[in-house]
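Worksheet: one structure, shown below.
The values are calculated or read from the model by the stated rules, or taken from the named source; none is laboratory data. Since the model is a prediction, treat every value here as computed from it, not as a measurement. Positions of Cβ are generated from backbone atoms using ideal geometry, with glycine treated the same way; all protein chains shown enter the neighbour counts.
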Amino acid sequence: MKFLLVVALYLAAAQAEVVPRAVFVELNPSHTAAEWEQIYKNQEYTPEFYPDYIPGTEPQPEEAGVVTVKVPESRIITGSVAARGLIPWQALVILAGSGLCGGSLISNSWVLTAAHCAEGVSTFTVTLGSTSRTAAQSGSVTQTLRSAVIHDSYNPVTVANDIALLQLTSAVASSSFIAPVRLPSFSQASTSFTGSAARVSGFGRISSSNSNVSPNLLYADVRIIDNSECARQFGSGILSSNICTLGSDGRSPCNGDSGGPLVIQEADGIFTEVGVVSFGVEDCPASAPGAFTRVTSYLQWISASSGIAIRA
């Protein structure tokens, strides 16, 4: 017998009161942790083959993924407030009539976000270079967009292929506060990233007991976990095109963080986006994992849709 678990997409109302959207994901609680590990042990992180793939020709800017601001020692729930320039790729995406999401700048003209943020939305107000949701900051850029590129196979019921692109009306110049995040290379397409330290950021809810979204950009340091560990919570709803994290000290993405970036800092010191905030357990308990769209699964789609050249 199949059971259903309600999980919340991390979409928040732009107002103080958050009204999360919910979806149903299949869950079979009869499986033990060991059984889920057995089921998922041979899961391969095979990238999607996009049938209309024509490789992009525009390389990412040299400054992609580079951060010059030092991380403070102090420590989205109960995350740290980000200094300006610490997460220069972060986008604040206000959805006309339905809420707030995050996104990430991946070139001077394109923002990566979640499909569930873009579906059915006619107008997007995108702000870059700001760490405040409520106050204007010098050097920030705000544009109003009228369309989105949503993955052809996005399924709003299962949340599969939860990825979308927003094209800016005019290219933005990189600065101390605005810069793209680096995309993974094709050589990383089959990498699990399990055990890697990662960082998630957004303007979402500030605690599981508080429905207010944050007035400031927050970030939290999390750990990437194996998909079998994630399946203990979400069951067969976890696909090879998902990547999951578990936070510490109550830190996790929550409503309003949807579409935002999950990044790792690689050996060269540059930050690479490996996940897009997608879904999680309602009310965002610290003990539950968060699920993301795995960026490496969609490199061909990103390249074909945006014209960005992906590194070999």
Scanning region 161-188 for residues that are crowded, with 24+ Cβ neighbours inside 10 Å, farther than 25 Å from residue 69 by Cβ and of a type in the set (Val, Ile, Thr) gives 163
Just one listed residue, out of 187, 175, 140, is over 20 Å from the mean Cα position of the chain (by Cα), of a type in the set (Gly, Ala, Ser) and under 30 Å from residue 43 (Cα atoms), and it is 187
For region 39-65, the count of residues that are under 20 Å from residue 193 (Cα atoms), among the polar types (S, T, N, Q) and loosely packed, with under 12 Cβ neighbours inside 10 Å equals 1
Of the candidates 277, 281, the one satisfying the condition of being surrounded by fewer than 24 Cβ atoms within 10 Å (Cβ to Cβ) and either polar (S, T, N, Q) or at pLDDT below 95 (or both) is 281
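Find the residue count for region 257-292, including only residues that are outside any strand (DSSP E or B) and at negative phi. Give the steps one after another, and end with the answer.
As a first pass, look at region 257-292 and keep what is outside any strand (DSSP E or B): 257-260, 266-270, 282-289.
Filter once more, keeping what is at negative phi: 257-258, 260, 266-268, 270, 282, 285-289.
Selection size over region 257-292: 13.
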Note on region 121-152: residues more than 22 Å from residue 203 (Cβ to Cβ) and out of contact with any strand residue (DSSP E or B) (no Cβ under 7 Å at 6 or more places or on another chain) are 146, 147, 152
Looking across region 201-237 at residues that are among the hydroxyl-bearing types (Ser, Thr, Tyr) and either in contact with a strand residue (DSSP E or B) (Cβ under 8 Å, 6 or more places away or on another chain) or within 18 Å of residue 103 (Cα to Cα) (or both), the single one that is modelled with the lowest pLDDT is 211
Only unsatisfied item for residue 143, checking (1) modelled with pLDDT of 95 or more; (2) within 29 Å of residue 246 (Cβ to Cβ); (3) part of a strand (DSSP E or B), is (2)
